[in-house]
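This report concerns only the one structure given below.
Values quoted throughout were computed directly from the atomic coordinates according to the rules given, and no laboratory measurement underlies them. Only a predicted model underlies this, so the values are computations on that prediction, with no experimental measurement involved. Glycine also receives a Cβ, built like all others from the backbone with ideal geometry; neighbour counts cover every protein chain displayed.
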Amino acid sequence: MADRYWIYMLRCENGHLYTGIAADLPRRYRAHLRGLVKYTRAFRPLEISQCWRIDGGRGAAQRVEAFIKSLVRSEKESLVNRPEDLAAMLGELVQGMPGIAAEDSGFLRSVESAVRGEDGAGRGGR
């Protein structure tokens, strides 16, 4: 069982921000690109807009995921632009959690490049 999980936001071709959880972010992103996830089968992901590494187990990651999913679109867009604000937004929810770390854009691009390079998939391609 993993102690580290990823919360990620994908920008989809319909303009929505899909929020999900994964123990293995590249593998999960690959599943989205291949159409193996119901929502992104219909609305393909264009990019990983943001992600956070959550240390502390699946339960902690699920609480963070649920919190982000409860936000309105403008708040989600704010997190895409300022990912470091997530911990402050979570407030009491993060007390006792070992750690939340926003990943920089270089990391996001490296995951995208690696996964898309393996699949030969173009940006948002089917």
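Based on other C-beta atoms within 10 Å, arrange Glu47, Glu112, Glu84 from fewest to most. Before the final figure, lay out each step's value.
Values: Glu47 15, Glu112 18, Glu84 11.
Going from sparsest to densest Cβ surroundings: Glu84, Glu47, Glu112.
Per 0.36 nm of contour for each residue apart, how much would the distance between Arg27 and Arg109 grow if the chain were fully extended, relative to their Cα-Cα spacing?
Details: separation 82, 0.36 × 82 = 29.52 nm, distance 1.47 nm.
Taking Arg27 through Arg109 to full extension adds about 28.0 nm, to one decimal.
Roughly speaking, what is the stretch gain from Asp55 to Asn14, that is 0.36 nm per residue apart minus the C-alpha to C-alpha distance, in nm to one decimal? Can you show the working numbers first?
Working: separation 41, 0.36 × 41 = 14.76 nm, distance 3.13 nm.
Gain in length upon complete extension: 11.6 nm.
What is the distance in Å between the Cα centres of segment 1-37 and segment 42-78?
9 Å
Note down the nm distance, to one decimal, between modelled labels 7 Å out along Cα→Cβ at Asp85 and at Gln62.
With each label point 7 Å from Cα toward Cβ, the separation is 2.9 nm.
Applying the Karplus parametrisation 6.51 cos²θ - 1.76 cosθ + 1.60 with θ = phi - 60° to the phi angles of segment 36-49, what ³J(HN,Hα) value in whole Hz is obtained for each residue in order, glycine and proline being reported as x?
With the stated coefficients, segment 36-49 comes to 8, 10, 3, 5, 7, 5, 7, 10, 4, x, 9, 6, 7, 7 Hz.
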